[in-house]
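Trainee: Quick one: this structure, given as structure tokens, is what I'll be asking you about.
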Amino acid sequence: MKITKTNLEGCVVLEPTLFNDDRGYFFESFNADRFNKAIGQNINFVQDNQSFSYRGVVRALHYQLGDNAQAKLVRVLSGVVLDVAVDLRQDSKTFGEHFSIELSVENKKQLFIPRGFAHGFAVLSDTAEFFYKCDNYYNKQAEGGIIYNDETLNIDWKLSKKEIKVSEKDLELPILKNAKL
């Protein structure tokens with residue numbers, strides 16, 4: 001497994017080692033011992049989530065507050081997404097900055113997003129299946145979010161404005177400076 005640091009401390013890209021032959025390929029998508037050693041932390045994932053979305057869907061930018069904060073390991077099972085992490089750690093040098101990467105079934109890359117980050121993604125292919133592991137259980141009362149098009153974040157979602165499809169709930173999210181952190 002290859003680990004690449006991002007501009008956001010603790011947020012890393014993981015690339016698996018693929019074993020190809022005339023039958024196809026094989027790779028280990030997750031191994032707790034190797035993962036924890038690679039990121040230098042002991043993460044215990046307790047919940048797996050999966051979504052299916054159509055082109056243009058933007059699911060963003062979400063996080064859990066306080067004791068319900070979640071670290072996530074995300075990847076794509078089919079299609080292509082632009083995955084985005086935003087640093088919400090107020091004591092961080094990169095507070096309010098983001099990192100984005102295309103995750104696809106072809107590149108098989110994964111992104112580890114530590115606690116203290118907002119997360120979202122945009123579907124760039126016709127459809128996409130998105131999978132993520134969380135180290136804490138979801139709690140509706142601890143939901144937090146930032147509107148996907150906050151001008152201070154300046155995220156290029158790689159979609160035209162007319163293509164973007166956002167839930168009514170996500171359209172009501174505040175900008176970063178008004179978000180509950």
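Only the coordinates and a few stated rules stand behind these numbers; no lab work does. Small disclaimer: the values here were computed from a predicted structure and weren't measured. As a convention, Cβ positions derive from the backbone with ideal geometry for all residues, glycine included, and neighbour counts pool all protein chains shown.
Trainee: Just going by the charge dipole of the chain, with Lys and Arg at +1 and Asp and Glu at -1 on Cβ, which of Asn178, Gln50, Gln110 is farthest out on the positive end?
Mentor: Asn178
Trainee: Further, regarding this structure: Please name which of Ser167, Asn154, Ile101 has its Cα lying farthest along the dipole of the chain towards the positive end, using unit charges on Cβ (Lys, Arg +1; Asp, Glu -1) and the Cα centre as origin.
Mentor: Asn154
Trainee: For the chain, what relative contact order do you get, as a whole percent, if you take Cα pairs closer than 8 Å and at least 6 residues apart?
Mentor: 29 percent
Trainee: Search the structure for amide H atoms under 5 Å from the amide H of Gly116, placed 1.01 Å from N in the peptide plane, and list their residues when 5 or more places away or on another chain.
Mentor: For Gly116, the qualifying residues are Gln70.
Trainee: How high is the relative contact order of the stretch 90-176? Use alpha-carbon pairs under 8 Å, at least six apart in sequence, and give a whole percent.
Mentor: 34 percent
Trainee: What number, in percent, do you get for the relative contact order of the stretch 1-80 if the mean sequence gap of Cα pairs under 8 Å and at least 6 apart is divided by its residue count?
Mentor: 14 percent
Trainee: Quick one: Cα centre-to-centre distance for the stretch 1-44 and the stretch 77-105, in angstrom?
Mentor: Spelled out, the Cα-based centre of one part sits 17 Å from the other.
Trainee: If I model a spin label as a point 7 Å beyond the Cα along the Cα-Cβ vector, how far apart are those points for Lys169 and Ala142 in nm?
Mentor: It is 1.7 nm.
Trainee: Would you work out the charge dipole size for the stretch 1-98 about its Cα centre, treating the Cβ of every Lys and Arg as +1 and the Cβ of every Asp and Glu as -1, and quote it to the nearest 20 debye?
Mentor: The calculated dipole for the stretch 1-98 is roughly 120 debye.
Trainee: Take the Cα coordinates of the chain, assign each an equal point scatterer, and use the Debye formula without solvent to give log10 I(q)/I(0) at q = 0.11 Å⁻¹.
Mentor: -0.46
Trainee: Rounded to the nearest 20 Debye, what is the dipole magnitude of the chain about its Cα centre when Lys and Arg each give +1 and Asp and Glu each give -1 at the C-beta?
Mentor: 120 debye
Trainee: Going by a ≥ b ≥ c, the root eigenvalues of the Cα gyration tensor, does the stretch 52-138 fall in the rounded group (a/c under 1.5), the prolate group (a/b larger than b/c) or the oblate group?
Mentor: Prolate, since a/c reaches 1.5 and a/b exceeds b/c.
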